[in-house]
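Structure first, commentary second.
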Amino acid sequence: MKELKDLKMKSKTELSKLSADKMNEEIKSAEKMLYTMRMKLAVWELKQTHLMKALRRYIASLKTLTASAK
């Protein structure tokens, strides 16, 4: 069973140390994971829907950090 710790989300301090390229890779992988979760939700395979909310917020924080770094 997946839990929040299994999503492999990095902390804010770890994210602030990443370069722009690594940050974009992190965003892409998180968005891919979110897409996979949405597809599982559509076919009733996803049992823990609360993970989607956490992943959406993680992506938003990543995008905020990249915008503020520019």
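FYI, it's all coordinate maths here, none of it is from the lab. Just so it is clear, the structure is predicted and the values come from calculations on it, not from any experiment. All Cβ positions, even for glycine, are placed from backbone atoms using ideal geometry, and neighbour counts span all protein chains on display.
Data overview
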{"item": "Nearest-ten-degree value, helix 50-69 long axis tilted from longest Cα axis of the chain", "result": "20"}
{"item": "Projected label distance in nm at residue 24 and residue 10, using a 7 Å step from Cα toward the beta-carbon", "result": "1.5"}
{"item": "Kirkwood-based Rg to Rh ratio, segment 19-69, C-alpha trace", "result": "1.07"}
{"item": "Percent RCO, i.e. relative contact order, over the chain, from Cα pairs under 8 Å lying at least 6 residues apart", "result": "44"}
{"item": "Integer Hz, Karplus 6.51/-1.76/1.60 couplings in order for segment 26-43, x for Gly and Pro", "result": "5, 5, 4, 5, 5, 5, 5, 5, 5, 4, 4, 5, 5, 5, 5, 5, 5, 9"}
